[in-house]
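Colleague: Take this structure, written in structure tokens, and hold onto it; I'll ask about it next.
The values are calculated or read from the model by the stated rules, or taken from the named source; none is laboratory data. Keep in mind that what you see is a predicted model, and the values were worked out from it rather than measured. All Cβ positions, glycine included, derive from the backbone under ideal geometry; neighbour counts span all protein chains shown. Heavy atoms of the whole protein, side chains included, go into the accessibility calculation; ligands, DNA and RNA do not. Shrake-Rupley method; radii C 1.70, N 1.55, O 1.52, S 1.80 Å.
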Amino acid sequence: MENLIAAFTSLTGSAPVGVWSAPGRVNLIGEHTDYNDGFCMPFALPHRVLVAAAPRTDRTWRVQSLNNGEVVTFSGEDLVPGMSGWQAYVAGVVWALGEAGHAVDGADLVLTSDVPMGAGLSSSAALECAVLTVLADLNELDIAGIDRAKLARRCENEFVGAPTGLMDQAASTLCTEGHALFFDCRSFETRQVPFDPAEAGLELLVVDTNTPHTHVDGEYAERRRSCDQAAATLGVPALRDITSDGLADALARLDDPIIQRRVRHVVTEDERVLDAVRRLEAGDVAGLAPLLDASHASMRDDFEITVPTVDLAVETARRAGAIGARMTGGGFGGCIIALVPRGEADRVADAVAAAFAEAGHAAPDRFIAAPSAGAGRIA
Ligand code: GLA
């Protein structure tokens, strides 16, 4: 925080009017369900994007990233979808606010992030949501949390051009400390679900496999298309409308075995989220474990979004004593989460590191995650 304020002062010659932050997320369960109008349950990480800011009197935005030292300046005319680089996540938020009819003045922004990038922990949503919070406050805009998430997603979808669902921005905006966020991606109903692994004698370990996300954009878009195509064939608005009772019937009406598997993942995953909410609300944190395992198997075998390093990490963590484990995030690399007995996280993570070394993979990273607060002003 001191470094950030010092950097801001050295860039602009005066102190910021405030500091804001927004978190990355881990998705506990409910993968590739958001764009199928289904359910998910992310929680906010302590890892965040921090932004020091002050208003300007022109319609110019000057932004410095302390992660790479770059300073970028853009004005109203530069707000054209398709912009590349990290600054697109900042400019796209200004653009999305404008498209929604919110006039925003220029600003100086200095930011820093400790959300691991390219790890499936929503570093880009954290950046969008942090900037959105800053601009909403500086311009005294009264925008409800869910609408902020939708504006940040609009930046991601229409300005940056990534066809994601709403989960990551909803998590970064709406999560609260000590809770996972149950999110109904059709009705936008949310529920704060208490999630305290420590109280249950457990820890939630995150292992970053450090696998580069090759082909992730193309594969993600392809999974979305398959789901839309299946919903159209089945005559429903979205796969959310197929329940587990109707699954066998729905599968019988699809001839492509790949599409059948995609549908089975989405329908069973929605069911697992609802089950996970029931278990957590009944105080049964350990009850999540079999659901995590089943979710992983479904992502591996039916949705086919895991990769060998991710599967190795999950299998090794399970063998080393995790009571349940799954990949988290969009897939094709990224992180796994493992529910482990308290005090065992290092041992489990060491086992994964040893298995990676033996297989010749780059060393993984690890941390224990506790559910943290969503976006807001912190100074
Ligand atoms: C990425 C997307 C989300 C969601 C997940 C998969 O994180 O940004 O919208 O679809 O993948 O659950």
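Colleague: Look at segment 244-281 and say how many of its residues are crowded, with 17+ Cβ neighbours inside 10 Å, among the acidic types (D, E) and outside any helix (DSSP H, G or I).
Modeller: 0
Colleague: For the condition at pLDDT 95 or above, among the hydrophobic types (A, V, I, L, M, F, W, C) and surrounded by fewer than 22 Cβ atoms within 10 Å (Cβ to Cβ), what is the one hit in A363, A313?
Modeller: Every option except A363 fails the conditions.
Colleague: Based on what the data block shows, is D184 within 28 Å of I258 (Cβ to Cβ) and at pLDDT 95 or above? Give the derivation first.
Modeller: Numbers: within 28 Å of I258 (Cβ to Cβ): yes; at pLDDT 95 or above: yes.
Yes; evaluated as a whole, the condition is true for this residue.
Colleague: Pick out the one residue from V285, V266, V348 that is over 18 Å from A180 (Cβ atoms), more than 13 Å from the ligand (Cβ to nearest atom) and of a type in the set (A, V, I, L, M, F, W, C). Let's see the steps before the verdict.
Modeller: On the way: V285 fails: over 18 Å from A180 (Cβ atoms); V266 fails: more than 13 Å from the ligand (Cβ to nearest atom).
Answer to the check: V348.
Colleague: At least 3 residues that are of a type outside the set (D, E), closer than 30 Å to S187 by Cα and within 16 Å of the ligand (Cβ to nearest atom) in each: list the strands (runs of 3 or more DSSP E) lying fully within segment 1-101 that qualify. Let's see the steps before the verdict.
Modeller: Numbers: elements: 18-29, 39-55, 60-65, 71-75.
Those strands (runs of 3 or more DSSP E) span 18-29, 39-55.
Colleague: Between Q192, Q169, which is out of contact with any strand residue (DSSP E or B) (no Cβ under 9 Å at 6 or more places or on another chain), modelled with pLDDT of 95 or more and not hydrophobic (A, V, I, L, M, F, W, C)?
Modeller: Q169
Colleague: Can I ask one more? Looking at this structure, is L174 open to solvent by 10 Å² or more (accessible area, probe 1.4 Å), touching a residue at least 40 places away in the same chain (Cβ under 8 Å), in contact with a helix residue (DSSP H, G or I) (Cβ under 7 Å, 6 or more places away or on another chain) and aliphatic (A, V, I, L, M)?
Modeller: Working: open to solvent by 10 Å² or more (accessible area, probe 1.4 Å): yes; touching a residue at least 40 places away in the same chain (Cβ under 8 Å): yes; in contact with a helix residue (DSSP H, G or I) (Cβ under 7 Å, 6 or more places away or on another chain): yes; aliphatic (A, V, I, L, M): yes.
Here the answer is yes, as L174 does meet what is asked.
Colleague: Just for segment 296-355: of the residues that are in contact (Cβ under 8 Å) with a residue 60 or more places away in the chain and of a type in the set (S, T, N, Q), which one is farthest from E269 (Cα to Cα)?
Modeller: T309
Colleague: I would also like to ask the following. Considering each of S122, S113 in turn, give the residue that is in contact with a Gly (Cβ under 6 Å, 6 or more places away or on another chain), farther than 24 Å from P237 by Cα and surrounded by 22 or more Cβ atoms within 10 Å (Cβ to Cβ). Talk me through it step by step, then tell me what you get.
Modeller: Details: S113 fails: in contact with a Gly (Cβ under 6 Å, 6 or more places away or on another chain).
Answer to the check: S122.
Colleague: Pick from segment 156-186 the residues that are in a helix (DSSP H, G or I) and farther than 25 Å from V110 by Cβ: which of them is nearest to the ligand (Cβ to nearest atom)? Walk me through it before giving the result.
Modeller: Taking segment 156-186 first, the residues in a helix (DSSP H, G or I) are 156-160, 167-174.
Pick out the ones that are also farther than 25 Å from V110 by Cβ and you get 157-158, 167, 170, 174.
Details: N157: 10, E158: 14, M167: 4, A170: 9, L174: 14 Å.
Out of the qualifying residues, it is M167.
Colleague: Restricting segment 188-211 to residues that are within 16 Å of the ligand (Cβ to nearest atom) and not hydroxyl-bearing (S, T, Y), which is least open to solvent (accessible area, probe 1.4 Å)? Working first, answer last.
Modeller: Here is the first cut: in segment 188-211, the residues within 16 Å of the ligand (Cβ to nearest atom) are 188, 190, 206, 208-209, 211.
Filter once more, so that each one left must be not hydroxyl-bearing (S, T, Y): 188, 206, 208.
On the way: F188: 74, V206: 0, D208: 18 Å².
That would be V206.
Colleague: Exactly one condition in (1) within 20 Å of the chain's Cα centre (by Cα); (2) free of Cβ contacts under 8 Å to residues at least 60 places away in the same chain; (3) open to solvent by less than 10 Å² (accessible area, probe 1.4 Å) is not met by F43; state its number.
Modeller: Of the numbered conditions (1) within 20 Å of the chain's Cα centre (by Cα); (2) free of Cβ contacts under 8 Å to residues at least 60 places away in the same chain; (3) open to solvent by less than 10 Å² (accessible area, probe 1.4 Å), the odd one out for F43 is (2).
Colleague: Let me ask you something else. What's the number of the only condition in (1) in a loop (DSSP other than H, G, I, E, B); (2) among the acidic types (D, E); (3) touching a strand residue (DSSP E or B) at 6+ places or on another chain (Cβ under 9 Å) that D284 fails to meet?
Modeller: If we test D284 against (1) in a loop (DSSP other than H, G, I, E, B); (2) among the acidic types (D, E); (3) touching a strand residue (DSSP E or B) at 6+ places or on another chain (Cβ under 9 Å), just (3) comes out false.
Colleague: Does W86 meet the test of being open to solvent by 20 Å² or more (accessible area, probe 1.4 Å), touching a helix residue (DSSP H, G or I) at 6+ places or on another chain (Cβ under 6 Å) and of a type in the set (A, V, I, L, M, F, W, C)? Show your work before the answer.
Modeller: On the way: open to solvent by 20 Å² or more (accessible area, probe 1.4 Å): yes; touching a helix residue (DSSP H, G or I) at 6+ places or on another chain (Cβ under 6 Å): no; of a type in the set (A, V, I, L, M, F, W, C): yes.
For W86, the condition - open to solvent by 20 Å² or more (accessible area, probe 1.4 Å), touching a helix residue (DSSP H, G or I) at 6+ places or on another chain (Cβ under 6 Å) and of a type in the set (A, V, I, L, M, F, W, C) - is not met.
Colleague: Only one of R153, R148 is more than 27 Å from G333 (Cα to Cα) and either free of Cβ contacts under 8 Å to residues at least 40 places away in the same chain or away from the ligand (no atom under 12 Å from the Cβ) (or both); which? Reasoning before the result, please.
Modeller: Details: R153 fails: more than 27 Å from G333 (Cα to Cα).
Exactly one of R153, R148 is more than 27 Å from G333 (Cα to Cα) and either free of Cβ contacts under 8 Å to residues at least 40 places away in the same chain or away from the ligand (no atom under 12 Å from the Cβ) (or both), namely R148.
Colleague: Go through (1) out of contact with any helix residue (DSSP H, G or I) (no Cβ under 6 Å at 6 or more places or on another chain); (2) touching a residue at least 12 places away in the same chain (Cβ under 8 Å) for F182 and report which single condition fails.
Modeller: (1)
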